[in-house]
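The values are calculated or read from the model by the stated rules, or taken from the named source; none is laboratory data. All values reported here derive from a predicted model rather than from experimental measurement. Here the Cβ positions follow ideal geometry from the backbone for every residue, glycine too, while neighbour counts run over all protein chains shown. Please note that ligands, DNA and RNA were not included when accessible areas were found on the heavy atoms of the full protein model with its side chains. Shrake-Rupley method; radii C 1.70, N 1.55, O 1.52, S 1.80 Å.
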Amino acid sequence: LRLSRREAPDAAAAAAPAAGEAPGALVMLSLSEISTAGATFADDVRAYSAAGFDGIGVWEMKLGDDETDLAALRSSGLRVTNCVPAVPSILPNTVIEGPEDVETRVEALCASMRRFARYEPESVLCLTGPAGAYGEAEARQLAIEGLRRVAAAAEEAGVRLGLEPSHVSQRDELTLVTTITEALD
C-alpha cells in the first residue's frame, strides 16, 4: 500500500474476528433506513436482504412491535450496523421533531439504548442538538450532562454509543459538534 511507517501488517488484522464479525468478510454492505423513508421496517428488511446487503441501519421511528420486528430481522440474515433513536439529540433540534424539554429528551434516549440492545447493533448514535435559546456555554453543559447519562444507560444495556459530529453547516439545526476534536472535547 506504500503507506508511510507501515513496515508490517497490523497485528490486530491477523487476530480472530470479534464476536458478531463475519470471518473473512473485508467489507460489510449496509443501508440506513432513512434511505427508504416511506417504507416500513418489514419492507426494508425484505428489500435490503433481497438486494444482497449484509446490514441495516435501523431508525427507531420505523420500529413497531419489537417481537415481530426482531423475528423478521433474524430470519433475514441482516445485521444491525447502527441505530438512530426517535429522539436523536440531547438538545431540541430543528430537523427532527421531538420534545422541547431536555430532561424528557435524555430519558427518551436512555429508553432507546435499552430498546436497541435487543437488536444487537454495532452502535447507537446520537447528536448533541444545537445551542438554540440556551447559548453556547449552557448548551454545552446540558449536552455533556445528558451524554453522561445516556452513555451510562448504553453501558448498562450493553450497546456502544456514538456521538455524531455533523457538518458545520448543520450547527444551528442539529449540533454543537462539527469536528472530531469537538466530539472528543
Please state the equivalent ellipsoid semi-axes for segment 91-150: what are the square roots of 5 times the Cα gyration tensor eigenvalues, largest first, in whole Å?
22, 12, 10
One would report the Cα pair-distance distribution of the chain, bin width 10 Å, in %, as 9, 32, 31, 21, 7, 0
Vicinal HN-Hα couplings computed from phi for segment 175-185 (Karplus, 6.51 cos²θ - 1.76 cosθ + 1.60; Hz; Gly/Pro x):
7, 8, 10, 10, 9, 5, 4, 4, 5, 5, 5
When the helix-only estimate is applied to the chain (DSSP H runs of n ≥ 4, each -39,500 (n - 2.57), divided by the residue count), what is the mean residue ellipticity at 222 nm, nearest 500 deg cm²/dmol?
-11000 deg cm²/dmol
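Ignoring ligands, DNA and RNA, what percent of the 1.4 Å accessible area of the chain is carbon and sulfur?
Exposed carbon and sulfur together represent 54 percent of the surface.
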Given labels modelled 7 Å from the Cα in the Cβ direction, how far is it in nm from GLU136 to VAL168?
1.3
With a 1.4 Å probe and all protein chains left in place, how much accessible area per residue does the chain have, in Å²?
58
Out of LEU78, LEU184, PRO130 - ranked by how far each Cα lies towards the positive end of the dipole of segment 43-185, with unit charges on the beta-carbon of charged residues - the top one is LEU78
Rounded to whole Hz and in sequence order, give me ³J(HN,Hα) for segment 62-79 from the Karplus expression 6.51 cos²θ - 1.76 cosθ + 1.60, θ = phi - 60°, writing x for Gly and Pro.
8, 6, x, 6, 4, 4, 5, 5, 5, 5, 5, 4, 5, 6, 7, x, 6, 9
